[in-house]
Every structure is written in structure tokens, then in C-alpha cells.
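K.L.:
Take this structure first; my questions come after.
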There are 2 protein chains.
Amino acid sequence: MNFEHLRALAAVVDEGTFEAAADRLHLSPSAVSQRIKALEKSVGQVVVRRTVPCTPTHAGSALLRLARQVQLLEAEARHALGSETSAVTSTPVAVNADSLATWFLPVLEEAAGWPDTTLDLHVEDQDHSSRLLRQGDVLGAVTADPAPVNGCRAVRLGAMRYVPAAAPALRDRFVGASGPDWSAMPVLAFNTKDDLQRRFLASRGGAGQPPMHTIPSSEAFVAAVRAGLGWGMVPELQVGSDFDDGRLVLLDPAAHHDVVLYWQSWTLQSGRLDRLAAAVRRAGRLLRS
Amino acid sequence: MNFEHLRALAAVVDEGTFEAAADRLHLSPSAVSQRIKALEKSVGQVVVRRTVPCTPTHAGSALLRLARQVQLLEAEARHALGSETSAVTSTPVAVNADSLATWFLPVLEEAAGWPDTTLDLHVEDQDHSSRLLRQGDVLGAVTADPAPVNGCRAVRLGAMRYVPAAAPALRDRFVGASGPDWSAMPVLAFNTKDDLQRRFLASRGGAGQPPMHTIPSSEAFVAAVRAGLGWGMVPELQVGSDFDDGRLVLLDPAAHHDVVLYWQSWTLQSGRLDRLAAAVRRAGRLLRS
């Protein structure tokens, strides 16, 4: 297996097209195409689906993972040898949107002091990010999955607590003497993968489906709750002072949902990966233990 | 063509699986499957790719668009007749992340006063959102594309201005007497579709590729610029006071990039769509004219 071919595979998947990969590698598109074909010949399988964007096949995923591991180790070896060239490696990391909006931000601050590493963040739901690890898309992931992906280790970070919140005006319209009218009060969801609200409604045994808005941005989601568009399960890290200010009200002070988060990353002897893990764990102290 | 079949198609595409569509429609998965098959038989083509998530075929896109138009018009007719049932319609809308983080938020506030409509936001790059209109995924879109999609009208909203910004600490490290060292100073990009920074670098004629981080969240992107991770083209709407406070510095006071935004939506006689368009235009007054 040829390392230049693996590098071409990683570039095609990262950039999405053969042309953009060629740009990044300072090659012609046909040179990239030849490398991918040579790789496919050497393993006897198709490694990239020629879609827009290009995606790795099952066989391609295993090679992609190898490519990223080798790239990281090669860069560290170069660095150890005192070489200046190619010393900056890209570190693909998956993180869920609510974490990126809150406790994960100090990781970006720490990374500002790492001249040898760039962060390539992928925003993915915590219930789906272990898939990105498995596919070789990322080296590390903030995930709700405690079971280590094959070849990875998992460290518990802490729990992100979600509480049911609404604007006072919405509460006034839909909360009566017998409590909230869950079947009528409009509700927000982040996207179709987000079932925090549905689960909460199911636990309330409510019949009927309330109107549901979809707001796929952590910050806009909280802004929409504040604006009274609907109620939602919001991270307490994001709205702490809103309850004190009266901008938001808790719909049920006893109810909350904790999402336990883990840091999963490949078991590589890599100083850069260890440094990243340490930064993530430090930032994770903001989570509930 | 049967409206129940079209409704099943829209639910399968919205929810991603036959099972979730069945839940939403209060049907069994096999009933959903039968409706899709009946639809396919009636048009003589496959309408849904059975992938995870399910996606419409080219033929399915045309039907999906019809389904959403009919749903909207049906709900308005019901409302006009004074019927209470099914009066709430979902309005799928595409908006770019930077707009959702800034000038678009008042649209959510206005929508809080529309009991007959829920918003189903899709976050998509302004250069790619007209595709969602074409595919029938959304009824309206904030887009950089001035050419109306077939069956749509386009209204100019205004320009979003991006300026090259950095933290003072980063400026001190990479800006010398002859100006910024664009080939060495780390740079941020939102994702691989975001070429604002690349275009700016190309206009500076810089050789060499600086280290590039990828931060696919508007708010985290600005937070990362403040933290000194890299410089970036940031919306002036998002960082106005940061320049006054000295938290950010302009790397080139004369340089900026304006992205002109349009509201494109289907040409339907629909009161709800007109009301949404009016709210978007009002909110768009925050943009440069």
C-alpha cells in the first residue's frame, strides 16, 4: 500500500471532489484519479463512491482510518526529527452542537496555543458521532456512546443536563391550574434526530401531537425558546441566568434529562491526541460529574 | 394522484424512515409502504430511495414539491372554512447559518405569534440553498442566488458584509511592518463549502497555504476568532462591538466582502407564505441595502 495513495483518498473524502482534492495536494485531478485507481487495484475493491460529495465505501473507510493515523504519526515523527515541513496536522474531531455552544469552547482557546495542529470540527449528534469514528472520518469524538468503538478508548466526561424551559408569555398561555397543556403547547426540536422533547412528552403520557418547530442551531434554539416560539429541553449550561432574570421559566422544576458524554479517540501513541484529550477533559469539568 | 399518497411521501422524506413516517401519520409502516408503492405505480417511477435516511428520487422531488404546496393550500382552505383540525401547517425554510445567528432571529419572534404555522428550518449555505427549493425540500429560502428557481419568485433582501478579523494576540504575532503574513497566519473556515477566506487570500496573491481550522458553527466560529485560533471573515452584524472593545481587530480596514441575499419562495397564492415573506423582509432591514 502506497502512502501517497492513502493521502489522495483522505483529500478526496475531506474535500468532497477530485478537483478540490487535487487543489489541496497541488496535483492535477487526473493524478488524483490515478492514485485512487491504483489504491483500488491494490486492495481489489472500490474505495470511493463517485457521488457529490465523494464518500468512502466500507473498504474505503478502513483505509481512510489508516490514512489519518499514519498522517498523524508521520507528522509527529517529522516534528521529533526537527523537520519544519508538514509539521502541521489536521485533527478531525466530532462534537455535538450543544457542547460546541457551551463547555467545549475552552478547547478552542487551548488549541490557539498549538502551532502544530489544526482542528477540523464536525458537528454531529452525540448519539451518532461514534459512527464517524468507526468510518474513520474523525480521530476523536464527544459521544453519548460509552462502548469503545473498535480500536478506540472511551473516557467519561460528565453529564449535560437538559431542563424543560419556556418564555413566561408561553407559560401564561398554556399552563393552567392542572399544569402545562403538553398536547397543545408548541414545542421545539433541534432536528429529526433530536428526541429529547418527544421522550419528555412520552414520559408525561400526553396524548395528541403538539405543533413542533425545527431549529437546527443551538443558539437559535435557545433564542427561539426566549422568543416564545415554543418550549424546549435546553442545556442548563446555556440558560442558567435566564431563569434568574425571569427571561425563561422552568416548566417542571423536578424534571430534567441528563445526557452522559464520553470522549472517544483512537488508541494511538500520539502526543497531539493526548494533548487534545487532556484539553477536552479539562473543559469537561463544566459538566455534571 | 391520491393526496394521502403524497402525504405519505412527504412524511417519509421529512422523518427519514418508513417507521418514523408511520408514527407521524398514525399508520402502520406497511400502510405507509403500500401508499408509496401505489404512488410509484401511478407515476410509473420510483419516488423514494430506500436509504437511511430515505431520499426522494428526481421524480419524487417533483411530487414532494406538489405535496407541500397542496398541504399548505389545503390547510388555508380548512382555516377559511373555520375548521379546527389540521389547521397547523409546517413551513420548511432554508436559511444560512450566519443569517440564523444574526438578522433572521426576529423572524422567529414574529412566528411565535402565528398559531397556524410551525417553522421547519434547514440550515444550508446561501450558495446551495436554491437546490433545496428545486428539490421541493423547502417552500422558501434565504439564498445568494438571484435567479428565480422555476416556479419561484426572488426578492432582494440586502447584503451581509464580512470583514477580516482577528484577536489582538494573533495580530501581534503575524502582522509586521509590511502587513499581515497571510501565508503563515492560521485561518478559520466554516466548512469545505466556505470559500470566503480562500477568496480573500487569493485576492492578496499570497503563496503558500496557511494552517486552516474548520469550525462549522457561526457562534463558535466567532468565539474561535476571539480566542485567537485563527483569523476569519466574520459578519459585521455579529462582531460590531468587538472592534470598539478591542476584543477583535480589523486586519484590513479597507477590505470587505458583501454577500447579497435574496428571499426565494414558491409563487403560490398563500396568505401564510406572504406573511412569512413580509417577516423575512422586515428582518432583512438589518442588512446593508
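K.L.:
Say whether the condition of being in a helix (DSSP H, G or I), closer than 28 Å to residue A:118 by Cα and among the hydrophobic types (A, V, I, L, M, F, W, C) is met by at least one residue in the range B:254-272.
P.N.:
Scanning the range B:254-272 turns up no residue that is in a helix (DSSP H, G or I), closer than 28 Å to residue A:118 by Cα and among the hydrophobic types (A, V, I, L, M, F, W, C).
K.L.:
Moving on to the next point. Restricting attention to the range A:210-219, does a residue exist that is of a type outside the set (D, E, K, R), closer than 19 Å to residue B:216 by Cα and assigned to a helix (DSSP H, G or I)?
P.N.:
Taking every residue of the range A:210-219 in turn, at least one turns out to be of a type outside the set (D, E, K, R), closer than 19 Å to residue B:216 by Cα and assigned to a helix (DSSP H, G or I).
K.L.:
Which residue, of B:222, B:175, is more than 14 Å from chain A (Cβ to nearest Cβ) and of a type in the set (A, V, I, L, M, F, W, C)?
P.N.:
Among B:222, B:175, only B:175 is more than 14 Å from chain A (Cβ to nearest Cβ) and of a type in the set (A, V, I, L, M, F, W, C).
K.L.:
Still on this structure, please answer the following. Give the residues of the range A:11-55 that are in contact with an Asp or Glu (Cβ under 7 Å, 6 or more places away or on another chain) and β-branched (Val, Ile, Thr), sorted by residue number.
P.N.:
Correct list: A:46, A:47.
K.L.:
Okay, moving on. Would you pick out the residues in the range A:254-289 that are surrounded by 16 or more Cβ atoms within 10 Å (Cβ to Cβ) and among the small types (Gly, Ala, Ser)?
P.N.:
Within the range A:254-289, A:265, A:270, A:277, A:279, A:283, A:284 qualify.
K.L.:
Can you give me the number of residues within the range A:1-51 that are surrounded by fewer than 18 Cβ atoms within 10 Å (Cβ to Cβ), more than 13 Å from chain B (Cβ to nearest Cβ) and outside any helix (DSSP H, G or I)?
P.N.:
Of the residues in the range A:1-51, 7 are surrounded by fewer than 18 Cβ atoms within 10 Å (Cβ to Cβ), more than 13 Å from chain B (Cβ to nearest Cβ) and outside any helix (DSSP H, G or I).
K.L.:
Sticking with this one: I'd like the full set of residues that are part of a loop (DSSP other than H, G, I, E, B) and surrounded by 18 or more Cβ atoms within 10 Å (Cβ to Cβ), limited to the range A:241-253.
P.N.:
A:248, A:251
K.L.:
Looking at the range B:100-134, which of its residues are closer than 25 Å to residue A:171 by Cα, more than 7 Å from chain A (Cβ to nearest Cβ) and among the β-branched types (Val, Ile, Thr)?
P.N.:
Residues satisfying the conditions are B:107, B:117.
K.L.:
Oh, and also: Residues being in contact (Cβ under 8 Å) with a residue 12 or more places away in the chain and more than 22 Å from the chain's Cα centre (by Cα): count how many of those fall in the range A:10-26.
P.N.:
Of the residues in that region, 5 qualify.
K.L.:
Please go through the range B:27-48 and pick out each residue that is over 21 Å from residue B:70 (Cβ atoms) and free of Cβ contacts under 8 Å to residues at least 12 places away in the same chain.
P.N.:
If the condition is that a residue be over 21 Å from residue B:70 (Cβ atoms) and free of Cβ contacts under 8 Å to residues at least 12 places away in the same chain, then B:28, B:29, B:30 are the ones that fit.
K.L.:
Can you tell me which residue within the range B:130-183, out of those that are without any contact (Cβ under 8 Å) to a residue 60 or more places away in the chain and assigned to a helix (DSSP H, G or I), is surrounded by the fewest Cβ atoms within 10 Å (Cβ to Cβ)?
P.N.:
B:172
K.L.:
Would you be able to say whether some residue in the range B:228-235 is of a type in the set (Gly, Ala, Ser), more than 10 Å from chain A (Cβ to nearest Cβ) and in a strand (DSSP E or B)?
P.N.:
Yes, the range B:228-235 contains at least one residue that is of a type in the set (Gly, Ala, Ser), more than 10 Å from chain A (Cβ to nearest Cβ) and in a strand (DSSP E or B).
K.L.:
Identify, from the list A:197, A:209, the residue that is surrounded by fewer than 19 Cβ atoms within 10 Å (Cβ to Cβ) and at pLDDT below 95.
P.N.:
Of A:197, A:209, the one residue that is surrounded by fewer than 19 Cβ atoms within 10 Å (Cβ to Cβ) and at pLDDT below 95 is A:209.
K.L.:
Please specify each residue of the range B:184-204 satisfying the condition of being assigned to a helix (DSSP H, G or I) and under 24 Å from the mean Cα position of the chain (by Cα).
P.N.:
Once the filter is applied, which keeps residues that are assigned to a helix (DSSP H, G or I) and under 24 Å from the mean Cα position of the chain (by Cα), the range B:184-204 yields B:196, B:197, B:198, B:199, B:200.
The values are calculated or read from the model by the stated rules, or taken from the named source; none is laboratory data. What you are looking at is a predicted structure, and each value in this text was computed from that prediction instead of being measured. As a convention, Cβ positions derive from the backbone with ideal geometry for all residues, glycine included, and neighbour counts pool all protein chains shown.
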